[in-house]
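The values are calculated or read from the model by the stated rules, or taken from the named source; none is laboratory data. Predicted model only: the values in this text are computed from it and were never measured. Cβ: placed from backbone, ideal geometry, glycine included. Neighbour counts: every protein chain shown. With ligands, DNA and RNA removed, areas are computed over all heavy atoms of the protein, side chains included. Shrake-Rupley method; radii C 1.70, N 1.55, O 1.52, S 1.80 Å.
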Amino acid sequence: MKTKNLTLHVWRQDGPDAKGAFETYTAENVNEHMSFLEMLDDLNEKLIIEGKEPIAFDHDCREGICGSCNIVVNGYAHGPQERTTVCQLHMRHVFALGWSEIWLEPWRAAAFPVIKDLVVDRGALDRIIQSGGYISIRTGSARDANETPIPKPISDRAFDAATCIGCGACVAACPNASASLFTAAKVSHLGMLPQGQTERFDRVRKMVAQMDAEGFGSCTNHGECEKACPKGISIDFIAQMNRDFVKAMVTSKHDVEAPNDAE
Amino acid sequence: MQRALTLYNTTIGKKAVMAASGFILLGFTVGHLSGNLKAFAGPTEYNEYARWLRTVPALLWGARIALLFAVLAHIGSAFQLWKRNKDARPSRYQKNVSVATDYAAKTMYFSGPILLFYILFHLAHLTFGGMLFGEGAMFGIEGYAWEVSNPYNNMVRGFQHWPVVIPYVLGVVALGVHLFHGIWSMFQSLGANHPKYNHLRRDLAIGLAALLTLGNLSFPIAVMAGYLEPTNLTFHFPELM
Ligand code: SF4
Ligand code: FES
């Protein structure tokens, strides 16, 4: 079993308005089979024993499904391994790259204020969902799965979009801190299914308007988000959202309200 | 009171404007190149074509106004989005890697302004050359004077001199790089995507960008290689005054 000492430069910041800075730590005897977060747990134990403030980072499931964890590792949102959340990144993958010095940064975006250290407030994504990312029609209790026939390619595509865990890595990786991939995934998975049709063109307008109001940047079609996304969500969904949005704006007979800028 | 959402007030709307205006400008560059390729048919054909362009003022001015409008819309939206995107990430990453972004995408904010300056230079050279330099030497080049009825010579004789060739080549290369990302981006921004045809979007961007770059470079190359030469024929086209 391989172990290694790592030099970590960690972003420390006391609160949203505090000035942050990097602090350097040594993680000693890091086991190659630790996950990245376990490596940080270990370091935190040491910091606590030394009477220092442990490094704050977000996590919950540690299974790659909840979307809580978020660290930019040496410039890669969620670390260098494709389609992997940082909680599922293991140190053997990091060792394999020969890294012995690692920079840990929070998601950096105006719309994601830092709560503490590596923890950011991703409430903006929740507010995008609240603006229209749901179906308000009562569909009753669970029905037979095949009662409403949906062609397999469409249900597959809708499911691809629905795998978004709302982690915000797309925003972190985007040169413009745009939330286009997240919003597109959430707009599209409903917009492709029969239950989502009724509100399809209102939904896309409300969600895009909220996305803008939150202060995210615009999409410049660079494709960084798709590569950073732990679920591999395709930027084809962004094109799909753009098409639905422009169509809605041009052809809808009623307006939707522009939300006030979120503060 | 709540305002109604308008297309142009949204980021996606502004991108749609960029795509649509970019499409108009792309259409112009294609037409512009195909018209200018007449240079290879000879000075008479080239100058006749230039004259013909001036014989339908409604068309000429219609096109000019549409182009001006497209340029302003393109730059205006680009500027607003640039500002917004800059504000969206106030604190920069210490470590920043890009995994997917290609050179063209990364340099849009450079190739764009280069193109703008190049277009101004190009207009000063071949459209307003007579107005700017009168009878005098163009760009201070000895013996290179504007010939009112002879656009062919204005072009060919310019490309015999490096001070004209260098900005031209830079401009044309910037155009190619800009279009490499721009054409692909245009489809994406307007939502023109279909799993069956998506791979063609990149191919089309590469093909068109290459065609326009090489096509436009063919003029200075042909002149410098001595294949296109100034003509001694004289023309009298009052339309070109
Ligand atoms: S689209 Fe991908 S990167 Fe963005 S929030 Fe969803 S899962 Fe995370
Ligand atoms: S902690 Fe749940 S996805 Fe990483």
Fill in the blank from the handout: Filtering the stretch B:186-202 down to residues that are out of contact with any Gly (no Cβ under 8 Å at 6 or more places or on another chain) and assigned to a helix (DSSP H, G or I) yields B:PHE187, B:GLN188, B:SER189, B:ASN198, B:HIS199, B:LEU200, B:ARG201, B:ARG202
Handout entry: Check on A:GLU45, in contact (Cβ under 8 Å) with a residue 12 or more places away in the chain, open to solvent by 10 Å² or more (accessible area, probe 1.4 Å) and more than 24 Å from the chain's Cα centre (by Cα)
Key = no
Practice task
Confirm whether A:GLY215 is modelled with pLDDT of 95 or more, open to solvent by 10 Å² or more (accessible area, probe 1.4 Å) and within 16 Å of ligand 2 (Cβ to nearest atom).
Solution key: no
Handout entry: Filter result for the condition that a residue is more than 16 Å from ligand 2 (Cβ to nearest atom), farther than 24 Å from A:PRO151 by Cβ, of a type in the set (Gly, Ala, Ser) and assigned by TED's automatic domain parsing to the domain that holds A:LYS152, over A:ALA179, A:ALA172
Key = A:ALA179
Exercise for the section: Could you tell me whether the stretch A:161-184 includes any residue that is more than 18 Å from B:LEU81 (Cβ to Cβ) and either over 15 Å from the mean Cα position of the chain (by Cα) or among the basic types (Lys, Arg) (or both)? Expected result: no
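Results for (1) of a type outside the set (A, V, I, L, M); (2) touching a residue at least 60 places away in the same chain (Cβ under 8 Å); (3) not assigned by TED's automatic domain parsing to the domain that holds A:PHE201, shown as yes or no for each residue.
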| residue | (1), (2), (3) |
| --- | --- |
| A:ILE137 | no, yes, no |
| A:SER141 | yes, no, no |
| A:GLU147 | yes, no, no |
| A:PRO151 | yes, no, no |
| A:SER155 | yes, no, no |
| A:ALA158 | no, no, no |
| A:ILE165 | no, yes, no |
Fill in the blank from the handout: Picked from the stretch A:81-98 (must be within 16 Å of ligand 1 (Cβ to nearest atom) and over 15 Å from the mean Cα position of the chain (by Cα)), the residue nearest to A:LYS231 (Cα to Cα) is A:GLN81
Practice task
Please enumerate the residues belonging to the stretch A:142-170 that are open to solvent by 80 Å² or more (accessible area, probe 1.4 Å), more than 16 Å from ligand 1 (Cβ to nearest atom) and either under 24 Å from A:SER68 (Cα atoms) or not basic (Lys, Arg) (or both).
Solution key: A:ALA142, A:ASP144, A:ALA145, A:ASN146, A:GLU147, A:PRO149, A:PRO153
Practice task
Evaluate the stretch A:48-59: report whether one residue or more is touching a Lys or Arg at 6+ places or on another chain (Cβ under 8 Å), surrounded by fewer than 20 Cβ atoms within 10 Å (Cβ to Cβ) and at positive phi.
Solution key: no
Problem - Condition met for A:THR220 (open to solvent by 10 Å² or more (accessible area, probe 1.4 Å), more than 30 Å from A:ARG12 (Cα to Cα) and within 16 Å of ligand 2 (Cβ to nearest atom)) - result: no
Handout entry: Breaking point among (1) in a helix (DSSP H, G or I); (2) surrounded by 14 or more Cβ atoms within 10 Å (Cβ to Cβ), for B:ALA58
Key = (2)
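Conditions tested, residue by residue: (1) buried (at least 16 other Cβ atoms within 10 Å of the Cβ); (2) of a type in the set (Lys, Arg).
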| position | (1), (2) |
| --- | --- |
| A:ARG92 | no, yes |
| A:VAL120 | yes, no |
| A:ALA124 | yes, no |
| A:SER136 | no, no |
Exercise for the section: Mind telling me which of the residues B:LYS95, B:LYS86 ends up being more than 7 Å from chain A (Cβ to nearest Cβ) and within 23 Å of A:PRO16 (Cβ to Cβ)? Expected result: B:LYS86
